[in-house]
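These notes concern the structure reproduced below.
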Amino acid sequence: MIRFGIEFLAAETAERLAGMIRLSEKSGIDYAWITDHYNNRDSFSLLTYIAAKTDRIMLGPGVTNPYTRHPAQLASAIATVNEISGGRAVFGIGPGDRVTFDALDIAWERPLRWMRETVEIVRQLTHGQMVRSKGELFKLRGAKLSFGKGDIPVYIGAQGPGMLRLAGEVADGALVNASHPRDFETALELLREGRSGHSLDNFDVGAYTSFSVSSDSEEAERAARPVVAFIVAGSPKSVLERHKIPDADLKALTRAFGHGIREAARLVTPEMISSFSICGTSEECINRISELEKAGVTQVVIGSPIGPDRREAIRLVGEEIIPHFQEGNS
Ligand code: F42
């Protein structure tokens, strides 16, 4: 059965986010993921506040990274969220965002190694173990948390082949930045490779999507356009080729960014919307989510813009979309 998550940027106040996430849990959404970038609010502080204001929804950074926080600090932070939320923490971690790292002069070296060692240390510490590790990057000499033993699911934010294999090997789930079933054909293969051929039955395959729902399809599309413009402009060539985005359309879009996001959004084509977002009326979104489910996705993360009116969009998700996927209806 497919489940639903929702992403919020750590760019809003804790109070606003808690309000939106309370609404999300009332609508039947199971996971809330908060982004993590050094220049935004601190995602673990936000999660701690939100944990105290919610009852049921699972909460996690979506995603934090091992370069700006030491694994022991990460373990302590997520264990705190787990304690305050009564066991509702999920730990999303990825190699991080190059653009923000450049500003901090952090070299993005050996991401696979950083991720592997960090996940291992965080797991051991949150399981209450004393850690002595002689990794290539981290050496711990009898480190142990003084509180909070728990089994916190680990999700890896992954797009590259190596990262997807690593997620299959060491994580409980993956958060793949993609909205189209085509992207999951290769992703699923790589996740399976990482599991050395073992099934993905107990593995949560997350589609971290750009999502826009409204009772008016055109309004939904209008809201999705700026987000899709950024995704297309930032996508590697291989991904654009997979979706057969013509080079001329890409060049026009990239040039338009020089005149601002509004101009770029104007040049987003219907093919770009379809390839890089889940967008439209509830029925149109249901069709796409059904295709993703068939492709092996088990969690759809509703990401920016959510809809032209976020509250109304979350209501539509709760009243019209989620019921379609509940036992016996899909
Ligand atoms: N990043 C953030 O900083 N904050 C967020 O809130 C955030 C949210 C988020 C949500 C979902 C998601 O999927 C990604 C998200 N990201 C966020 C981005 C994430 O942190 C990564 O930047 C993004 O997922 C890209 O990762 P990637 O899987 O493409 O991995 C990169 C690093 C990559 O190049 N991977 C290669 C691969 O094949 O997967 C690995 C390259 C390699 O082989 N490296 C070798 C090694 O040892 O690591 C070394 C090679 C050498 O020559 O040195």
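Which members of the stretch 93-112 meet the condition of being under 21 Å from the mean Cα position of the chain (by Cα) and within 7 Å of the ligand (Cβ to nearest atom)?
From the stretch 93-112, those under 21 Å from the mean Cα position of the chain (by Cα) are 93-101, 108, 111-112; that's our starting set.
Listed by number, the residues that qualify are 94, 95, 96, 97, 98, 100, 108, 111, 112.
Checking residue 96 against (1) modelled with pLDDT of 95 or more; (2) crowded, with 18+ Cβ neighbours inside 10 Å, only one condition comes out false. Which one?
(1)
For the stretch 1-46, which residues satisfy the criterion of being in contact (Cβ under 8 Å) with a residue 40 or more places away in the chain and among the hydrophobic types (A, V, I, L, M, F, W, C)?
Matches in the stretch 1-46: 1, 2, 4, 6, 9, 20, 23, 29, 33.
Within the stretch 141-181, track down each residue that is open to solvent by 90 Å² or more (accessible area, probe 1.4 Å) and touching a helix residue (DSSP H, G or I) at 6+ places or on another chain (Cβ under 6 Å).
Taking the stretch 141-181 first, the residues open to solvent by 90 Å² or more (accessible area, probe 1.4 Å) are 141, 144, 146, 149, 151, 159, 165, 169, 177.
Within the stretch 141-181, 165, 169 meet the criteria.
Out of (1) in contact with a helix residue (DSSP H, G or I) (Cβ under 9 Å, 6 or more places away or on another chain); (2) away from the ligand (no atom under 11 Å from the Cβ); (3) at positive phi, the odd one out for residue 87 is which?
Against the list (1) in contact with a helix residue (DSSP H, G or I) (Cβ under 9 Å, 6 or more places away or on another chain); (2) away from the ligand (no atom under 11 Å from the Cβ); (3) at positive phi, residue 87 comes up short only on (1).
Return the residues of the stretch 113-140 that are open to solvent by 80 Å² or more (accessible area, probe 1.4 Å) and either under 21 Å from residue 40 (Cβ atoms) or away from the ligand (no atom under 11 Å from the Cβ) (or both); say none if nothing qualifies. It would help to see each step written out before you state the result.
Here is the first cut: in the stretch 113-140, the ones open to solvent by 80 Å² or more (accessible area, probe 1.4 Å) are 120, 129-130, 132, 134, 136, 139.
If the condition is that a residue be open to solvent by 80 Å² or more (accessible area, probe 1.4 Å) and either under 21 Å from residue 40 (Cβ atoms) or away from the ligand (no atom under 11 Å from the Cβ) (or both), then 120, 129, 130, 132, 134, 139 are the ones that fit.
Can you tell me which residue among 107, 72 is part of a helix (DSSP H, G or I) and of a type in the set (Gly, Ala, Ser)? Quick ask: steps written out before the conclusion?
On the way: 107 fails: part of a helix (DSSP H, G or I).
72 is the lone residue from the list that is part of a helix (DSSP H, G or I) and of a type in the set (Gly, Ala, Ser).
Just for helices (runs of 4 or more DSSP H) wholly inside the stretch 249-330: which have at least 2 residues that are under 25 Å from residue 63 (Cβ atoms)?
270-276, 282-294, 310-316, 322-325
Pull up the stretch 12-37, narrow it to residues that are touching a strand residue (DSSP E or B) at 6+ places or on another chain (Cβ under 6 Å) and more than 23 Å from residue 2 (Cβ to Cβ), then point me to the one that is nearest to the ligand (Cβ to nearest atom).
The selected residue is 36.
Could you identify the single residue in 319, 312, 327 that is more than 19 Å from the chain's Cα centre (by Cα), modelled with pLDDT under 95, surrounded by fewer than 21 Cβ atoms within 10 Å (Cβ to Cβ) and acidic (Asp, Glu)? Full working, then the answer.
Details: 319 fails: modelled with pLDDT under 95; 312 fails: modelled with pLDDT under 95.
The conditions single out 327.
The values are calculated or read from the model by the stated rules, or taken from the named source; none is laboratory data. Since this is a predicted model, take the numbers as computed values, not measurements. Every residue, glycine as well, gets a Cβ built from its backbone with ideal geometry; the counts of neighbours run over all protein chains shown. We work out accessible area using only protein heavy atoms, side chains counted, and drop any ligands, DNA or RNA first. Shrake-Rupley method; radii C 1.70, N 1.55, O 1.52, S 1.80 Å.
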